[in-house]
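Q: Take this structure, written in structure tokens, and hold onto it; I'll ask about it next.
The values are calculated or read from the model by the stated rules, or taken from the named source; none is laboratory data. Quick caveat, the model's predicted, so the values are computed rather than measured. All Cβ positions, glycine included, derive from the backbone under ideal geometry; neighbour counts span all protein chains shown. SASA here: full protein model, heavy atoms, side chains in, ligands and nucleic acids out. Shrake-Rupley method; radii C 1.70, N 1.55, O 1.52, S 1.80 Å.
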Amino acid sequence: MQINYNEQNRVFKIDTEHTSYCIGIVDEENFVGHIYYGRKLSDDNLVYLMRTGEPPFVPSKNNRDRTSFLDTFPMEYTGHGLGDFREGTLMVRTAGGHSGVSLSYVSHRIYDGKEELAGLPATFGMADTCRTLELTCEDKVLGLQVILSYSIFADNDAIARSVRVVNGGKEALYLTKVLSACIDMDNEEYEMITLPGSWARERIIQTRPVLKGKQGVSSVRGESSHQEHPFMAWKRKTTTEEAGDIYAMNFVYSGNFMAQIEGDQSGSMRALMGIHPQDFCWKLEPGDAFQAPEVICVYSAEGIGGMSRTFHDLYRRHLIRGEYKDKKRPILINNWEATYFDFDTDKLLAIAREASALGIEMLVMDDGWFGCRNDDNSSLGDWQVNEEKLKGGLKYLVDEVNKLGMKFGIWLEPEMVSPDSNLYREHPDWAFAIPGRTGSLSRNQYVLDLTRQEVRDCVYDMIASVLRSANIEYVKWDMNRQLSDMGSCGLPADRQGELFHRQVLAVYELQDRLTREFPHLLLENCSGGGARFDPGMLYYSPQIWCSDDTDAVERLSIQAGTAMVYPLSTMGAHVSDCPNHALGRTTPFETRGYVALAGTFGYELDVTKIPEADRAMIPEQTAMYHKYNDLVREGDYYRIAHYAENHYYDCYEVVAKDKSEALVTYVQVLNRPSHHSRRIRIPGLDLTAVYVIENAQDWPEIGQTEYRGDALQFAGINVPPLWGDFKGRLLHLVRKQAM
Ligand code: DGJ
């Protein structure tokens, strides 16, 4: 890991263990240009790649065609309005209404460690494991400084980028667009990968060619969203799971975003990521700074899988915090799909009693315990226990659950208010609203204006006093609608364009406060399933509810898309009852267990009501969780086959970092008449070692119990067909000790 500046060539070279990223300062105007990103290089004399000797030439040689230069030069971070007609990163409006920006390099700083981003989630690193380059650029006319930061880590190949904009002038400026990262490069017929979806179908892998023109994903819903995801990758057509070039960007942010690749006239492309400029306008008074959130850039020569493993390691080591960062999470049972709103103390205790006897470790009481909430039409904002439902109060229930040897967790939705609530009746102006317009309801609720300190304080006090009142060790923080009607009584007219971003900052502040006051709390974020599954939320909670779709087959796609970027340790995954509540599909209880083992693992069913045969499997499943979770949480993840592509079976693997063991999950989604078994290669192993399939008795048809690592990886094993649909198996490979 090193960052060097070659003064003679005016080239910055950022080196991680396997990658290099090069930036050049060009011409008398000190344009900051992007030179190279990819495999690690030994040479830093790369200015020849900047095409300064080719028409349209740099402005000092040929100012006659300045716009042509600006419109083709590979910018590290762009200006606007002066001749670069591609989509840019920064737009600034002056008090006079003008909007040109041009950035030139002024100075730089290279230092050990990484500074926090004020008020924002971000990756972290210590002085001995992390290094940062800060490039300060300036627009002299505006008196504006733009500081571009690049941080790298000793144990990871990612680069964390962010941008700070400072108004060093004498007049207020309006930032109308501040993206966080830009990469200009030649388009070598790349293909773009994104993760679009919908409710109950989040993060489905989509691949398309990078063409001329603009293509990308975005959210203007006030959250990262079910529909799109703040991630994009671009790869060569020949890149596979295991080999080939791939580049990616992931946004450490939970609100509106844009992620776009623009193919331009000359065969180059520009990749951009940052806060979506729609409805964004941030007033910057003289001396004020605006911090744009972080983008994680990854390059891997080891294919899509190599990219995923880089993100997983980065987030496990340098983003996720708190007591549960590296710890096994308690196996929970959540009453949502078991009871919905129809529960009371007796019902919950009956579930807890049965669950504890089966090895389940925590009861989570979901929506409906407060105010008069017996359906989703009321009471959000009234965070007082409904003692008609919870006879004896919350503390009594929690104590009784604790007596069973179980922990207790609770559901909250602090960002929302129901029109039918005491809070709304007392403070109707605390919900976002546009004067003169009837508010748009969604799930019969409004969004609280958390940009106002008094609203934040009131909500925090209410939820904190619930948490202080009993031994609550887990919170599921939900958020069940998108943001609309963005008007606030708390801000003047020329700051209404700050609301979307301020609301996200407010949520971060609340979660920061919560995790500081309750450092032992296990926080799980959720948003109508997985609409806010992003690195921003992972900074506050080590796990996020992946999707409201708990069907094991659908989960194969949802979890594969999620695990493209996020470690398995972060994916909330539960075994639920059948027919599945989202789809009506019935899958075997074993398969539901195998699929949920790839995440945080828990149950979402009424354990007192499920078939006896299913219930009898729970002790074995919970034992499997304890046996395999260290491996699943900490190991290297490999996608082997994806049902969405082959329409037949799904297979993935987790290998221990020291390659001493591996767990392969195989799910045959649909059975097909087949003339023989199917060949599956098992990657990531110690090639010279012998592995034993420790649970070979579960699938004797596989054949041998001992295999060489190279045979497993390059030749594979023959997997026999399973009788019936939705059938699954686990294979646990253990490296045999040398005699
Ligand atoms: C949406 C969540 O995703 C569900 O798991 C459940 O908590 C409901 N909200 C409760 O309203």
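Q: Among the candidates 440, 418, which residue alone is within 16 Å of the ligand (Cβ to nearest atom) and more than 23 Å from residue 546 (Cα to Cα)? Can you show your working first?
A: Working: 440 fails: within 16 Å of the ligand (Cβ to nearest atom).
Checking each option against the conditions leaves just 418.
Q: Which pairs turn up if I take residues in the stretch 357-369 that are under 18 Å from residue 473 (Cα atoms) and of a type in the set (Val, Ile, Thr) and look for partners that are open to solvent by 20 Å² or more (accessible area, probe 1.4 Å) and within 11 Å of the ligand (Cβ to nearest atom) with beta carbon separation below 9 Å, at least 6 apart in sequence or on another chain?
A: 364/336
Q: Filter the stretch 284-310 down to the residues that are assigned to a strand (DSSP E or B) and either within 21 Å of residue 259 (Cα to Cα) or within 16 Å of the ligand (Cβ to nearest atom) (or both) and list them by number. Walk me through how you get there before you give the answer.
A: Start the filter on the stretch 284-310 by keeping residues that are assigned to a strand (DSSP E or B), which leaves 284, 289-300, 302.
Scanning the stretch 284-310 gives 290, 291, 292, 293, 294, 295, 296, 297, 298, 299, 300.
Q: For the stretch 168-209, which residues satisfy the criterion of being farther than 30 Å from residue 74 by Cα and out of contact with any Lys or Arg (no Cβ under 8 Å at 6 or more places or on another chain)?
A: Answer for the stretch 168-209, where residues must be farther than 30 Å from residue 74 by Cα and out of contact with any Lys or Arg (no Cβ under 8 Å at 6 or more places or on another chain): 170, 171, 198, 199, 200, 201, 202, 203, 204.
Q: Out of 503, 482, which single residue is within 16 Å of the ligand (Cβ to nearest atom), polar (S, T, N, Q), over 22 Å from residue 570 (Cα atoms) and crowded, with 17+ Cβ neighbours inside 10 Å? Steps first, please.
A: Details: 503 fails: within 16 Å of the ligand (Cβ to nearest atom).
Only one candidate passes the filter, namely 482.
Q: Follow-up. Within the stretch 407-459, which residues are in a helix (DSSP H, G or I) and buried (at least 21 other Cβ atoms within 10 Å of the Cβ)?
A: Here is the first cut: in the stretch 407-459, the ones in a helix (DSSP H, G or I) are 422-426, 428-430, 453-459.
The answer is 423, 424, 430, 455, 459.
Q: Among the listed residues 230, 277, which satisfies the condition of being closer than 21 Å to residue 482 by Cβ, in contact (Cβ under 8 Å) with a residue 60 or more places away in the chain and touching a helix residue (DSSP H, G or I) at 6+ places or on another chain (Cβ under 9 Å)? Full working, then the answer.
A: Working: 277 fails: touching a helix residue (DSSP H, G or I) at 6+ places or on another chain (Cβ under 9 Å).
Only one candidate passes the filter, namely 230.
Q: Of everything in the stretch 532-569, what is farther than 25 Å from residue 464 by Cα and within 15 Å of the ligand (Cβ to nearest atom)? Give them in sequence order. Even if it seems obvious, please write down each step before you answer.
A: As a first pass, look at the stretch 532-569 and keep what is farther than 25 Å from residue 464 by Cα: 546-569.
Within the stretch 532-569, 546, 547, 548, 549, 550, 551, 554, 555, 558, 562 qualify.
Q: Same structure again: Which pairs turn up if I take residues in the stretch 473-495 that are part of a helix (DSSP H, G or I) and look for partners that are open to solvent by less than 30 Å² (accessible area, probe 1.4 Å) with beta carbon separation below 8 Å, at least 6 apart in sequence or on another chain?
A: 494/281
Q: Determine whether residue 313 is within 19 Å of residue 538 (Cα to Cα), more than 16 Å from the ligand (Cβ to nearest atom), assigned to a loop (DSSP other than H, G, I, E, B) and touching a residue at least 60 places away in the same chain (Cβ under 8 Å).
A: Numbers: within 19 Å of residue 538 (Cα to Cα): yes; more than 16 Å from the ligand (Cβ to nearest atom): yes; assigned to a loop (DSSP other than H, G, I, E, B): no; touching a residue at least 60 places away in the same chain (Cβ under 8 Å): yes.
For residue 313, the condition - within 19 Å of residue 538 (Cα to Cα), more than 16 Å from the ligand (Cβ to nearest atom), assigned to a loop (DSSP other than H, G, I, E, B) and touching a residue at least 60 places away in the same chain (Cβ under 8 Å) - is not met.
Q: Return the residue satisfying two criteria in turn: it lies in the stretch 514-531 and is open to solvent by less than 10 Å² (accessible area, probe 1.4 Å) and either under 27 Å from residue 469 (Cβ atoms) or without any contact (Cβ under 8 Å) to a residue 40 or more places away in the chain (or both), and of such residues it is nearest to the ligand (Cβ to nearest atom).
A: Result: 526.
Q: May I pose another question? Yes or no: the stretch 457-469 includes at least one residue that is at positive phi and away from the ligand (no atom under 16 Å from the Cβ).
A: Start the filter on the stretch 457-469 by keeping residues that are at positive phi, which leaves none.
The answer is no; no qualifying residue exists.
Q: Go through the stretch 227-263 and count every residue that is small (Gly, Ala, Ser), crowded, with 24+ Cβ neighbours inside 10 Å and not in a loop (DSSP other than H, G, I, E, B). Please lay out each step first, then the result.
A: To start, the set of residues in the stretch 227-263 that are small (Gly, Ala, Ser) comprises 233, 243-244, 248, 254-255, 259, 263.
Filter once more, keeping what is crowded, with 24+ Cβ neighbours inside 10 Å: 233, 248, 254-255, 259.
So of that shortlist, the ones also not in a loop (DSSP other than H, G, I, E, B) come out as 233, 248, 259.
Adding up the residues that qualify gives 3.
Q: Looking at the stretch 640-656, is at least one residue open to solvent by 60 Å² or more (accessible area, probe 1.4 Å), touching a helix residue (DSSP H, G or I) at 6+ places or on another chain (Cβ under 9 Å), farther than 16 Å from residue 725 by Cβ and acidic (Asp, Glu)?
A: We begin by selecting, within the stretch 640-656, every residue open to solvent by 60 Å² or more (accessible area, probe 1.4 Å); these are 645, 647.
Narrowing further to those that are touching a helix residue (DSSP H, G or I) at 6+ places or on another chain (Cβ under 9 Å): none.
No - not one qualifying residue is present in the stretch 640-656.
Okay, residues lined up against (1) part of a helix (DSSP H, G or I); (2) touching a Phe, Trp or Tyr at 6+ places or on another chain (Cβ under 8 Å); (3) within 15 Å of the ligand (Cβ to nearest atom):
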| position | (1), (2), (3) |
| --- | --- |
| 333 | no, yes, yes |
| 341 | no, no, yes |
| 349 | yes, no, no |
| 352 | yes, no, no |
| 363 | no, yes, yes |
| 374 | no, yes, yes |
| 377 | no, no, yes |
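Q: Within the stretch 135-215, considering only strands (runs of 3 or more DSSP E) that don't extend past its boundaries, which have at least 2 residues that are open to solvent by 10 Å² or more (accessible area, probe 1.4 Å)? Show your work before the answer.
A: On the way: elements: 144-153, 156-167, 173-186, 191-194, 206-209.
Per the criteria, 144-153, 156-167, 173-186, 206-209.
Q: Can you find even one residue in the stretch 37-58 that is open to solvent by 10 Å² or more (accessible area, probe 1.4 Å), touching a residue at least 60 places away in the same chain (Cβ under 8 Å) and over 30 Å from residue 314 (Cα atoms)?
A: Checking the stretch 37-58: not a single residue is open to solvent by 10 Å² or more (accessible area, probe 1.4 Å), touching a residue at least 60 places away in the same chain (Cβ under 8 Å) and over 30 Å from residue 314 (Cα atoms).
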